[in-house]
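Values in this text are rule-based calculations from the coordinates and carry no lab data. Since the structure is predicted, the reported quantities are computational estimates derived from the model, not experimental observations. Note that we place each Cβ from the backbone using ideal geometry, even for glycine, and neighbour counts take in every protein chain shown.
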Amino acid sequence: MGTAKYQTESRRVLHWDSLEQIGNELDRIEVADRKGELAAVGHWTPGQILTHLAAWIEYGYTGYPIDRPNLILRWLLRWMLPGFLSKGMRPGVRIPGIKAGTVGQEEVSTATGLQRYRAALKRLESGEPCTYDSPAFGPMSMADRVRLNIRHAELHLSFLRY
């Protein structure tokens, strides 16, 4: 996985233990957006960040739009998964072979992104089993899938300031 340089010095430090805590953060983001006080650091808009987070939850139910990486990279990623689940994800990591480095960051309004992300979180929180395995990590328990999505949210929502 390649990395790109991103403005990281103005990111917030976030850590959550539950999807409910992400929901509380989304409430704060919504209020800040309505007041005109929401800002994004980095290269994506708030709407892109929110729809990206939603998309990666949805892919577990609808299928992933990317191919599995080669066997060696899958083995390496699987080995790295416990660190991602406990310590989080680094900014700037790019998926090889994907022009934009990742998928699912459609340009939408913050309100649309919030609505989509809340719906995806609700589905994940319901415990509904995912139909598709992660192309990077293979089969995952629901608990690990939830933790990975929490770490993913910590990474991307850290680029939003209010």
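Numbers below:
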| read-out | value |
| --- | --- |
| Convex hull per residue volume in Å³, alpha carbons only, for the chain | 107 |
| Rg to Rh, two decimals, where region 1-95 supplies the alpha carbon set and Rh follows Kirkwood | 0.98 |
| 14 Å beta-carbon shell around A120, net charge (K/R +1, D/E -1) | +1 |
| With Cα atoms, 0 to 90° folded angle of helix 71-87 axis to the chain main axis | 40 |
| Percent RCO, i.e. relative contact order, over region 46-161, from Cα pairs under 8 Å lying at least 6 residues apart | 50 |
| For the chain, calculated [θ]222 nm from helices alone, where every DSSP H run of n ≥ 4 adds -39500 (n - 2.57) | -17000 deg cm²/dmol |
| 10 Å binning of all Cα-Cα separations within region 102-162, expressed as whole percents from 0 upward | 17, 50, 30, 3 |
